[in-house]
Amino acid sequence: MNGYLSLLSLSMIATSLTVAQWPNICPVTGPTSSWNQTRCPSTQSCAPNGFSVSGWGCCPFQNSIACSSGFACCPEGTTCSVISGTGYSTVYNCMNNNNIVTTSKCPCKPGVPFPPSTTKKNVLVIGDSLSIGYTPYVAQDLSDIALVQHAPWDFSDGGAEESNYGVQCLDNWLHSPSGIPLTPDLIWYNFGMHDYVTNCTEGYGCVPGQSGNTTVYPGELLNITTRLVNFSQQIGAKLLFGLTTPMLNDATIDNVIENTLNTAAAQIMEANKITYIDLHKAITDKCGLAPQPSCFNSTGCWSPHCPPGYSWLAANYIAPAIRSALTN
C-alpha cells in the first residue's frame, strides 16, 4: 500500500471512529464541512446554545430537553423551573414530579473551526473572553510559524467561561466541532476571570456556563490541568498558562484575582512544571495597581476588557512566550 493510500485509509478509519463516538448530529442550517459540523458524543446530546457560532452545543446529559432561555438544558423526563436570572443568565431546577433532579447545565460550545495546518505548527488557545480578545493578535504575530485557533468557537460571549464549565467541556474543545481529535503542538490556556465571586451557589449568583465560586476554582483548575497534562503527554504537545489579567477599576475584586485565583493557579502550574505568564503583573507594571480608572488612554481598560491593550499584551508577552516554546 503506497503512502497516499495509507493516509487515506487512516483518514477513513478516523472518520468512522468519529461517526461512532460522536453520532449525534445537531440540526445546524447552512453549509458545513466534515470538520465543523456540530456533533455531540454518545454521552451528550445536542441542545441550543445561543453563544455558539452554530447556535448549538452539547448538553452533558445523554438525552436532554432545552430550557426556554436557549442557553440551558435539563435531563430527559424533567421540566425546567426557573431559579433565577433572565436570558442567558437564567438558571433552572430540573424537576421531576416536584422533585429537584439537578441544576440545569449550559451546553458545551464547539471546538475550533478550521482543520490543522499541515505546513505550520498548530496552537490551541482555550480560554475566556479575554483570550478571545487577544487571540487574533497572537495569531497575527505568529502567522509565520503557526496556525493559532481559539476554543470554544465563540466570539460573542465568554468563551471557556468559569472553571466548572471548563471541567464539563474540556474534552469537547480537544476535538473539532464534528468530533475529530486535535493534535496541537502547543496549548495555551487560562481560567479565572469568571471565578472571582466569593459567595454564590448555582442559581444564586453563580450561573453554569457564566460564573463560578472562587472556593472551587483551585480544584477545578487542577482537574483541567491534570487532564491537559495527560493529553499533552499522549500527543507530544507543550502547555502554557496565562494568569488572569487585573480588574483595574475594582481593588476588591482585583485582590481576589491576584491573591486568591492567581496564587492558586501559580501553585498548580509550578507543581505540574508548566510555564505560566504573569499577565496580571504585566498590566499593573504598565498601568499601575488597582484602582485605576483607565489604561492605554482608555477609560475602563482592563476592567476587565481592553481592546487597545490586547495587541500590546499579545506582542510583548503571549506571542513571544508561545514562539519560544515552539522553537526551543
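The values are calculated or read from the model by the stated rules, or taken from the named source; none is laboratory data. All values reported here derive from a predicted model rather than from experimental measurement. Cβ: placed from backbone, ideal geometry, glycine included. Neighbour counts: every protein chain shown.
Would you point out the residue of the stretch 279-293, among those that are crowded, with 19+ Cβ neighbours inside 10 Å and assigned to a loop (DSSP other than H, G, I, E, B), that is nearest to the chain's Cα centre (by Cα)?
As a first pass, look at the stretch 279-293 and keep what is crowded, with 19+ Cβ neighbours inside 10 Å: 279-280, 282-284, 290, 292.
Imposing the further condition that a residue be assigned to a loop (DSSP other than H, G, I, E, B) reduces the set to 290, 292.
Numbers: Ala290: 26, Gln292: 28 Å.
Per the criteria, the residue is Ala290.
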What tally of residues in the stretch 53-76 results from selecting those that are in contact with a strand residue (DSSP E or B) (Cβ under 9 Å, 6 or more places away or on another chain) and part of a loop (DSSP other than H, G, I, E, B)? 12
Touching a residue at least 12 places away in the same chain (Cβ under 8 Å) and surrounded by fewer than 20 Cβ atoms within 10 Å (Cβ to Cβ): which single residue out of Ser104, Ser143, Ser129 fits that description? Ser129
Provide a single number: the residues in the stretch 202-260 that are on the phi > 0 side of the Ramachandran plot and either in contact (Cβ under 8 Å) with a residue 24 or more places away in the chain or part of a loop (DSSP other than H, G, I, E, B) (or both). 3
Exactly one of these conditions fails for Thr119: (1) outside any loop (DSSP other than H, G, I, E, B); (2) β-branched (Val, Ile, Thr); (3) surrounded by fewer than 24 Cβ atoms within 10 Å (Cβ to Cβ). Give me its number. (1)
Conditions (1) buried (at least 16 other Cβ atoms within 10 Å of the Cβ); (2) of a type in the set (Ser, Thr, Tyr); (3) part of a helix (DSSP H, G or I); (4) under 19 Å from the mean Cα position of the chain (by Cα): number failed by Ser311: (4)
Pairs needed: first member in the stretch 307-328, under 14 Å from Ala146 (Cα atoms) and at pLDDT below 95; second member anywhere, hydroxyl-bearing (Ser, Thr, Tyr) and crowded, with 17+ Cβ neighbours inside 10 Å; C-beta distance under 8 Å; at least 6 residues apart or different chains. none
Which residues, counting only those in the stretch 79-101, are free of Cβ contacts under 8 Å to residues at least 24 places away in the same chain and more than 22 Å from Glu162 (Cα to Cα)? Thr79, Ser81, Met95, Asn96, Asn97, Asn98, Asn99, Ile100
Only one of these is out of contact with any helix residue (DSSP H, G or I) (no Cβ under 9 Å at 6 or more places or on another chain), over 28 Å from Thr183 (Cβ atoms), at pLDDT 95 or above and in the same structural domain as Ser163 (by TED's automatic domain parsing): Asp285, Asp254, Asp278. Name it. Asp285
Would you please name the residue that is surrounded by the most Cβ atoms within 10 Å (Cβ to Cβ), looking only at residues in the stretch 165-185 that are within 15 Å of Phe114 (Cβ to Cβ) and polar (S, T, N, Q)? Ser176
